[in-house]
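The values are calculated or read from the model by the stated rules, or taken from the named source; none is laboratory data. Fair warning: this is a prediction, and the values are worked out from it, not measured in the lab. Counting neighbours? That spans all protein chains shown, and the Cβs are built from the backbone with ideal geometry, glycine included. Please note that ligands, DNA and RNA were not included when accessible areas were found on the heavy atoms of the full protein model with its side chains. Shrake-Rupley method; radii C 1.70, N 1.55, O 1.52, S 1.80 Å.
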Amino acid sequence: MTLLPTFTVGEFRKAARSSPNQNCVRIARKQGWTAVWDDKRSTDATTAATTLPDSELLLLTDAQFDSYQAAVRAGDSGRSPLNVTRRTDGMYIFRIMTTSSDAAHTEVELVFDQDELDAFHDGVFNHEFDHA
């Protein structure tokens with residue numbers, strides 16, 4: 001059994017192109033894992049020290065996230081475990097593509113608008129989320 005790290009709000013960063021006061025795709029990387037979080041899920045009680053529950057995170061291995069970044073840079077993100085799908089209302093759903101048949105597994109979906117997706121992809125293209 002793999003023990004996943006915990007992530008706190010202060011460990012996440014957003015793309016430089018993101019507006020300072022705007023909600024954004026946030027990325028944190030540690031111990032071989034990459035977490036994707038939607039900061040719209042924060043509350044008035046959320047601080048930099050707040051530990052985020054797994055139910056708010058998309059967790060990928062660093063290799064999976066690096067594969068996603070390489071695919072985006074190549075113009076083909078359709079073969080990545082991180083799946084981004086456009087809804088009919090113009091919003092984008094981020095989810096992890098899994099082959100797990102575990103009925104207890106809860107699918108986490110994060111929803112972003114076009115500006116949030118564009119800023120995130122700009123960060124990907126500019127290597128802002130590469131592993132340090």
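A compact table of results
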item: Selection from segment 12-39 of residues that are outside any strand (DSSP E or B) and either open to solvent by less than 70 Å² (accessible area, probe 1.4 Å) or free of Cβ contacts under 8 Å to residues at least 24 places away in the same chain (or both); result: PHE12, LYS14, ALA15, SER18, SER19, PRO20, ASN21, GLN22, ASN23, CYS24, GLY32, ASP39
item: Residues being in contact (Cβ under 8 Å) with a residue 40 or more places away in the chain and open to solvent by less than 60 Å² (accessible area, probe 1.4 Å) - total across segment 69-96; result: 4
item: Test: residue in segment 88-102 that is more than 15 Å from ILE27 (Cα to Cα), modelled with pLDDT under 95 and in contact with a helix residue (DSSP H, G or I) (Cβ under 8 Å, 6 or more places away or on another chain); result: no
item: Among residues of segment 41-51, those that are modelled with pLDDT of 95 or more and not in a loop (DSSP other than H, G, I, E, B), counted; result: 1
item: Looking only at segment 106-125, and only at residues there that are open to solvent by 90 Å² or more (accessible area, probe 1.4 Å) and part of a loop (DSSP other than H, G, I, E, B), the one that is modelled with the highest pLDDT; result: GLU107
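Residue-wise test of (1) in contact with a Phe, Trp or Tyr (Cβ under 9 Å, 6 or more places away or on another chain); (2) more than 23 Å from MET97 (Cβ to Cβ).
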site	(1), (2)
THR6	no, yes
GLU11	no, yes
ALA28	yes, no
ALA48	no, yes
GLU56	yes, no
ASP62	yes, no
ALA71	no, no
